[in-house]
Amino acid sequence: MTTPAIETILTEDRRYPPPEDFAAQANAQPDIYERSFDEFWETEGRERLSWFEPFTQLYEWKPPYAKWFLGGKTNVTYNCVDRHVERGLGDKVAYHWEGEPEGERRDVTFAELQRETTRLANALKTLGVGKGTAVGIYMGMVPEAAIAMLACARIGAPHTVVFGGFSADSLSDRLHDMECEVLITQDEAWRRGTTVPLKRTADEALREAPSVRSVVVLRRTGNDVPMTEGRDFWWHELVEGEPDDPASCPCEPMDSEDLLYLLYTSGTTAKPKGIAHTTAGYLCGVATTHHYIFDVEPDSVYWCAADIGWVTGHSYIVYGPLCNGTTGVLYEGTPDFPDKDRWWEIVERYEVDILYTAPTAIRAHMKWGHEHAEKHDLSSLRLLGSVGEPINPEAWEWYRRHIGGGRTPVVDTWWQTETGMIMISPLPGITTTKPGSATKPFPGVDAAVYDESGNEVGPGGGGYLVLRRPWPAMLRGIYKDDERYAETYWSKYGDVYFAGDGARIDEDGDFWLLGRVDDVMNVSGHRISTIEVESALVDHPRVAEAAVCGRNDAQTGQAIVAYVTLKGGEDGSVEMLEELRNHVARKIGPIAKPANIVFTPELPKTRSGKIMRRLLRDVAEQRTLGDTTTLADPGVVEEIRDRAAAEATEE
Ligand code: WTA
């Protein structure tokens, strides 16, 4: 018998069939799974997008490169903005924007989006930006960030958005790699009641990014920032006098395969990869998944609470929802400013019906307590979504119960910057959901789990998640690095895409994501995924969050170390420690009992909220942790924090 690539130890029996009334009205009905791959994407491509010239071939697959909708010409901004206005939806709200300082609110309609996008596009042209000119965007969560992206797409200028929390080095690396000629930024951003000096950081970055000729600066906070004569322009001055009539700047006809944007993702190795997404396939992929998975209705108020700087923001705040003409919410600040009920106040105010966020945010709300949500009327919510990490079943349950009122379906959506669109997810009117499972591949997606040697693993087995057919929104490569593209995604199994995530399939054919394969632990020859042990810990009523990693152990190969945050900022104790070890043993078996537990008030996370297990591993390796117990050690905790901070800036 061969050892499975990853073993399954945690089982979850709770089941939630879709509510009947939801199922009856849902955008996706059961026959969607009967549609063939070609027919599905052909129809979605023709009907969901508007074309200047129709495509003549659905796709071409020359591994590892795919092209979609060949021969077609279209424009992303035309699809996301202009066509809605032409159809009489100009007065519909595209974004309810909520600034962080209280009382700052603004509704941006599709007509306004069109005018603002046109003016900025005209202004960018005066700076010499045209089809193919690379533009960097380094902004906070303001409507102008979306406007900047759409203005670029309008004239065929590919963009790279750099998350506003990144350092000067990260920004200059990206601007330099893409050879951006223009940077769009803002004076400062608001965050948790203080200002983030975006322009100053940009100035520092620009010293190392000589390709940037001009900088456009949005005035947001109004505080003084240095401006370099001849290089820097205030947004409001630059667009002054520019026409806002769409005919003054027609949407550039783009080939289906023209570059829309690069988004840099750091992953585990040092140099960030410029993930390339093109025009038509990407737009079709994100709009189609958005329509069926989030079950958007014409009068929906949809809120994806991610940052525009991540792929989730690109695909499910900007391009997917706007292509579908959906009204969205855009919130500038943090969830705990001025208080921990800010999100719930926003849901109540705008009567949000669809909320999409990440497990890390859900666990933060769990830690703060459900009383904050209880202060508000959340009855408008119909559907909840999760993305970014495996969601612990207890966090899923909490989300459904305390935010969704025990009524709403929860869709756990698996995808990556590289996939561009959601790949594995429940369809909320069809799928019986299970807390912790992303359930089924989306129609027109071929996902499977393989063992080490490339055999498909059947029900009950664990292994590596792969994608066997190309999909419209798939990455078209890593910018300027074909070799790394082939090596990273296509070398393990030949013509099959290797996602780098562990997964298992249960007896119903549902997928359970097990985290990055680099995180899998090997304890006495058993390959155990970190998420299952973490979920067993989070299952304990007093645990808010847990991160697990392996450290070298002479006897067992690796021993399990757990970092645990208790609810309400409680301190750990020897009793608690024993209780948790026994809890894990009861939930999933003695093999998974952590050798050490470290209580810590916070876990180290990446800027996008993912737990940094690699760092915890380093910390665990460097410390001689006692054989059984380690109590809260401020030294360890500080070290985790300091190093997390250092790494996050390096990223
Ligand atoms: C993880 C975010 C489990 C996974 C859209 C993937 C998930 C990586 C899920 C991509 C999920 C994302 N369940 N794991 N629902 N969603 N992941 O590029 O490890 O920031 O490979 O894209 O996040 O992260 P990225």
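Against the test of being under 20 Å from the mean Cα position of the chain (by Cα) and either within 16 Å of the ligand (Cβ to nearest atom) or part of a loop (DSSP other than H, G, I, E, B) (or both), the options Val449, Val466 yield a single qualifying residue, Val466.
Filtering the range 531-563 to residues that are within 11 Å of Ala592 (Cα to Cα) and charged (D, E, K, R) leaves Glu532, Glu534. Of the numbered criteria (1) crowded, with 20+ Cβ neighbours inside 10 Å; (2) more than 26 Å from Leu58 (Cβ to Cβ); (3) in the same structural domain as Gly313 (by TED's automatic domain parsing), the one Gly461 fails is (3). From the list Pro19, Pro4, Pro54, the lone residue that is farther than 29 Å from Pro459 by Cβ and not basic (Lys, Arg) is Pro54. Counting only strands (runs of 3 or more DSSP E) that sit wholly inside the range 10-126, those with at least 3 residues that are in contact (Cβ under 8 Å) with a residue 40 or more places away in the chain and within 26 Å of the chain's Cα centre (by Cα) are 65-70, 93-98.
Within the range 556-587, the set of residues being surrounded by fewer than 15 Cβ atoms within 10 Å (Cβ to Cβ) and among the aliphatic types (A, V, I, L, M) comprises just one member, Val574. Remark: pairs (first residue in the range 602-613, of a type in the set (Gly, Ala, Ser); second residue more than 9 Å from the ligand (Cβ to nearest atom) and at pLDDT 85 or above; Cβ separation under 6 Å; 6+ apart in sequence or on different chains) = Gly609/Thr360. All of Ala546, Ala585, Ala562 fail the test of being among the aliphatic types (A, V, I, L, M) and over 30 Å from Thr413 (Cβ atoms), apart from Ala585. For the range 500-549, a residue qualifies if it is more than 22 Å from the chain's Cα centre (by Cα) and charged (D, E, K, R), and the qualifying residues are Asp506, Glu507, Asp508, Arg527, Asp539, Arg542. For the range 260-277, the criterion of a residue being surrounded by fewer than 19 Cβ atoms within 10 Å (Cβ to Cβ), more than 23 Å from Ala94 (Cα to Cα) and either aromatic (Phe, Trp, Tyr) or not assigned by TED's automatic domain parsing to the domain that holds Arg191 (or both) is satisfied by no position. Somewhere in the range 341-350, is a residue touching a residue at least 24 places away in the same chain (Cβ under 8 Å) and within 29 Å of Tyr78 (Cβ to Cβ)? Checking the range 341-350: at least one residue is touching a residue at least 24 places away in the same chain (Cβ under 8 Å) and within 29 Å of Tyr78 (Cβ to Cβ). Candidates in the range 516-535 are the residues that are acidic (Asp, Glu) and not assigned by TED's automatic domain parsing to the domain that holds Arg586; of these, the one that is farthest from Ser437 (Cα to Cα) is Asp518.
Quick grid of which residues meet (1) in contact with an Asp or Glu (Cβ under 6 Å, 6 or more places away or on another chain); (2) loosely packed, with under 12 Cβ neighbours inside 10 Å:
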{"site": "Pro4", "(1), (2)": "no, no"}
{"site": "Ala24", "(1), (2)": "no, yes"}
{"site": "Glu47", "(1), (2)": "no, yes"}
{"site": "Trp51", "(1), (2)": "no, no"}
{"site": "Pro54", "(1), (2)": "no, no"}
{"site": "Pro63", "(1), (2)": "yes, no"}
{"site": "Ala66", "(1), (2)": "no, no"}
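Taking the conditions (1) at pLDDT 95 or above; (2) within 25 Å of Lys480 (Cα to Cα); (3) buried (at least 21 other Cβ atoms within 10 Å of the Cβ) in turn, Gly132 satisfies each one other than (3).
Determine which member of the set Gly477, Gly494 is at pLDDT 95 or above and on the phi > 0 side of the Ramachandran plot.
Going through Gly477, Gly494 in turn, the sole match is Gly477.
May I ask you to list the residues in the range 536-545 that are assigned to a loop (DSSP other than H, G, I, E, B) and among the hydrophobic types (A, V, I, L, M, F, W, C)? Residues satisfying the conditions do not exist here.
Results for (1) among the β-branched types (Val, Ile, Thr); (2) away from the ligand (no atom under 16 Å from the Cβ); (3) on the phi < 0 side of the Ramachandran plot; (4) in contact with a helix residue (DSSP H, G or I) (Cβ under 7 Å, 6 or more places away or on another chain), shown as yes or no for each residue.
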| position | (1), (2), (3), (4) |
| --- | --- |
| Leu513 | no, no, yes, no |
| Val533 | yes, no, yes, yes |
| His540 | no, yes, yes, yes |
| Cys549 | no, no, yes, yes |
| Gly568 | no, yes, no, no |
| Ile591 | yes, yes, yes, no |
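Conditions (1) assigned to a strand (DSSP E or B); (2) farther than 18 Å from Ala146 by Cβ, marked per residue:
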residue	(1), (2)
Trp190	yes, no
Asp224	no, yes
Gly230	no, yes
His236	no, no
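Among all positions in the range 299-322, there is at least one residue which is under 23 Å from Leu513 (Cβ atoms), aromatic (Phe, Trp, Tyr) and either away from the ligand (no atom under 15 Å from the Cβ) or in a loop (DSSP other than H, G, I, E, B) (or both).
Each residue in the range 546-603 was checked for being among the small types (Gly, Ala, Ser), farther than 23 Å from Ile362 by Cβ and not in a strand (DSSP E or B), and 6 of them qualify.
Restricted to the range 476-492, and to residues there that are out of contact with any Lys or Arg (no Cβ under 9 Å at 6 or more places or on another chain) and not small (Gly, Ala, Ser), the residue that is surrounded by the fewest Cβ atoms within 10 Å (Cβ to Cβ) is Glu483.
The values are calculated or read from the model by the stated rules, or taken from the named source; none is laboratory data. Only a predicted model underlies this, so the values are computations on that prediction, with no experimental measurement involved. Positions of Cβ are generated from backbone atoms using ideal geometry, with glycine treated the same way; all protein chains shown enter the neighbour counts.
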